[in-house]
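Worksheet: the structure to be examined is printed underneath.
The values are calculated or read from the model by the stated rules, or taken from the named source; none is laboratory data. As the structure is a prediction and not an experimental result, all values here were calculated from the model. Note that each Cβ is placed from the backbone with ideal geometry, even for glycine, and that neighbours are counted across all protein chains shown.
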Amino acid sequence: MKNTILAVVFTVFTTLAVSAADRPNILIILTDDMGFSDLGCFGGEIDTPNLDSLAKGGLRFTEFHNTARCWPTRATLLGGRYSDRLGPSQVTIAEVLKPAGYQTAMVGKWHLGMNPRKDGPIQRGFDDFYGTMTGAGSFWDPYTLTRNTDPIDAVEEEGEDYYYTDVIGREAVRQIEAFAKQKDKPFFHYVAFTAAHWPLHAPEKTIQKYIPRYQGGWEELRAARYKRMLEMGIIDKERWPLPATEWNVKKWKDIDHKEWRIRNMAIYAAMVDHMDQAVGKIVAALKRTGALDNTLVIYFHDNGACPEHLGGNGYNTANNVLAKAKKAGKKVYVGDHFNVMMGGPMTYGSVGQNWAHSQNTPLRRYKMNVHEGGACTPAIVHWPKGLKHKPGSITLQRGHVIDMMATCLELAGAKYPAERNGRKVDPHESLSLVPVLTGGQQPRDHAYIFNHAGTHAVIKGDYKLVREGRKRPWYLYNLAKNRTETINLAEKEPSLVAALEEIWENRWGRKKK
């Protein structure tokens with residue numbers, strides 16, 4: 001009892017040490033399966049005026065990292081540990097900030113448990129939740145849609161015009177307006193879009209807007225994005241040479257079904273467009289409620305562009321629409337059906353590796369691989385009251401989704417707990433980015449460690465060590481000079497390879513205790 005009282009007193013003291021007026025609201029916006037150069041403010045041709053505006057008034061990172069896959073990024077982000085799940089010995093940012101006086105809410109993709117009454121957001125510190133439990137699903141009729149702890153049916157509740165991305169924006173606005181009723185309490189808000197993850201679904205009017213932009217194919221798109229990024233000063237030719245085309249990307253001149261493929265990229269762009277529209281509604285709500293000035297908005301992606309092709313039940317994500325279609329005597333076309341144009345509720349397709357390669361310009365590889373194309377995300381930070389950078393700046397500082405825990409702890413004046421439900425909590429592995437946001441620098445020798453789907457990497461100092469399987473050789477790149485991983489230094493620097501390998505082994509490998 002004595003220890004419990006002391007813990008409560010310490011938490012209250014720590015919280016009060018940072019006054020409510022000074023503590024910012026924190027809004028994390030996460031998008032799904034998007035490429036490095038999709039946004040307009042990162043060189044893309046897709047219309048993203050709202051995110052571009054946040055970038056114009058904020059700070060952009062070009063060396064911000066994730067775990068290269070959906071659910072590990074979510075677990076790592078929320079828990080502040082390299083992980084692919086939220087175990088009983090882990091806590092989330094919401095669980096830590098809530099006792100420190102923060103209001104909490106989440107909307108969108110959870111993907112860290114399938115039972116909303118057992119392992120959903122409500123059990124993990126969020127006071128309000130609207131979203132999907134699983135990793136993907138129809139945008140017209142989302143699979144595992146849930147409000148707080150109760151499963152709901154989108155079409156039954158709202159009709160055939162339901163579109164998930166738009167509703168995520170609407171529900172986020174509802175939560176922001178609820179926060180405003182308690183202006184004396186800051187809030188932590190987690191908005192996790194499923195756009196632009198497959199299936200390719202978007203309103204037809206928006207699809208048609210983008211079809212003319214992709215007539216030249218993926219090679220032309222990649223070249224145009226690279227040129228634009230150079231002109232915008234996001235990258236330079238010396239440090240960011242354009243890598244060779246990935247081995248599995250076909251030549252546009254040799255490909256068939258061009259009209260079908262052009263439409264697929266147009267649908268993808270429309271999905272990003274609607275996500276940006278939803279962000280615009282969220283920002284408008286922050287302005288309307290007087291919260292924008294002291295809200296730290298952090299935007300990034302869960303992994304790089306997605307090369308996957310679908311079949312069957314879409315990796316177990318299309319079960320509800322397949323069952324409904326069967327009952328109605330209809331068919332849902334899952335995967336590459338060249339005689340069926342994608343985008344509508346009876347289709348369930350993806351862009352595949354050809355377009356994904358261009359979406360990731362100028363980085364190598366894709367989602368699931370910890371080369372930069374899989375594990376590096378563009379990031380935008382916007383915080384009028386607290387950000388100490390010239391608006392519109394691009395920082396060369398480094399960051400990772402794992403750093404959200406320590407960043408939130410510092411800004412909230414919160415204490416990371418020793419126990420959760422009577423069980424010892426694992427220490428977090430997070431590094432606060434507050435020094436970067438407030439005009440300082442982070443130590444370059446802090447290591448970031450990657451382990452997903454047989455691909456491994458370590459980033460420390462100027463160097464990145466990466467391999468595509470335990471039995472494959474390590475490759476070494478100097479990211480300070482070669483951000484696009486085109487010059488392998490492993491043979492020239494064997495001692496450095498060994499030192500970085502030791503870091504990886506100590507965290508993930510045979511030497512892990």
Restricting the search to the range 401-442, which residues are part of a strand (DSSP E or B) and more than 22 Å from residue 190 (Cα to Cα)? 419, 423, 424
Test residue 303 against the criterion of being surrounded by fewer than 17 Cβ atoms within 10 Å (Cβ to Cβ) and either touching a residue at least 60 places away in the same chain (Cβ under 8 Å) or in contact with a His (Cβ under 8 Å, 6 or more places away or on another chain) (or both), and give yes or no. no
With the structure loaded, tell me whether residue 393 is in contact with a helix residue (DSSP H, G or I) (Cβ under 6 Å, 6 or more places away or on another chain) and either surrounded by fewer than 18 Cβ atoms within 10 Å (Cβ to Cβ) or of a type outside the set (A, V, I, L, M, F, W, C) (or both) or whether it fails that test. no
Matching residues in the range 131-164 - criterion: being within 16 Å of residue 314 (Cβ to Cβ) and either in a loop (DSSP other than H, G, I, E, B) or charged (D, E, K, R) (or both): 133, 134, 135, 136, 137, 138, 139, 140, 141, 142, 143, 144
Being more than 30 Å from residue 91 (Cβ to Cβ), in contact with a strand residue (DSSP E or B) (Cβ under 8 Å, 6 or more places away or on another chain) and assigned to a loop (DSSP other than H, G, I, E, B), is that true of even one residue in the range 493-511? yes
Filter result (out of contact with any Gly (no Cβ under 8 Å at 6 or more places or on another chain) and surrounded by 14 or more Cβ atoms within 10 Å (Cβ to Cβ)) within the range 141-163: 141, 142, 147, 148, 152, 154, 155, 162, 163
Looking only at residues that are outside any helix (DSSP H, G or I) and among the acidic types (Asp, Glu) in the range 197-255, which one is nearest to residue 351 (Cα to Cα)? 246
Being polar (S, T, N, Q) and either at pLDDT below 95 or assigned to a loop (DSSP other than H, G, I, E, B) (or both) is the filter here, so list the residues in the range 360-400 that pass it. 360, 361, 369, 397
Number of positions in the range 70-83 that are surrounded by fewer than 23 Cβ atoms within 10 Å (Cβ to Cβ) and in contact (Cβ under 8 Å) with a residue 60 or more places away in the chain: 3
Checking the structure you have, find out if any residue of the range 287-295 is of a type outside the set (Phe, Trp, Tyr), crowded, with 23+ Cβ neighbours inside 10 Å, within 18 Å of the chain's Cα centre (by Cα) and closer than 24 Å to residue 42 by Cβ. no
Odd one out for residue 451, checked against (1) buried (at least 21 other Cβ atoms within 10 Å of the Cβ); (2) assigned to a strand (DSSP E or B): (1)
Of all residues in the range 102-124, which are under 16 Å from residue 85 (Cα atoms), surrounded by fewer than 21 Cβ atoms within 10 Å (Cβ to Cβ), in contact (Cβ under 8 Å) with a residue 24 or more places away in the chain and of a type outside the set (A, V, I, L, M)? 113, 119
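Each row is one residue, and each column tells you yes or no for (1) closer than 30 Å to residue 120 by Cα; (2) crowded, with 22+ Cβ neighbours inside 10 Å.
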residue	(1), (2)
193	yes, yes
202	yes, yes
212	no, no
218	no, yes
226	no, no
249	no, no
257	no, no
Members of the range 328-353 found to be closer than 26 Å to residue 252 by Cβ, β-branched (Val, Ile, Thr) and in a loop (DSSP other than H, G, I, E, B), listed by number: 340, 351
Take residue 458 and decide whether it is β-branched (Val, Ile, Thr), touching a residue at least 24 places away in the same chain (Cβ under 8 Å), outside the structural domain of residue 234 (by TED's automatic domain parsing) and touching a strand residue (DSSP E or B) at 6+ places or on another chain (Cβ under 9 Å). yes
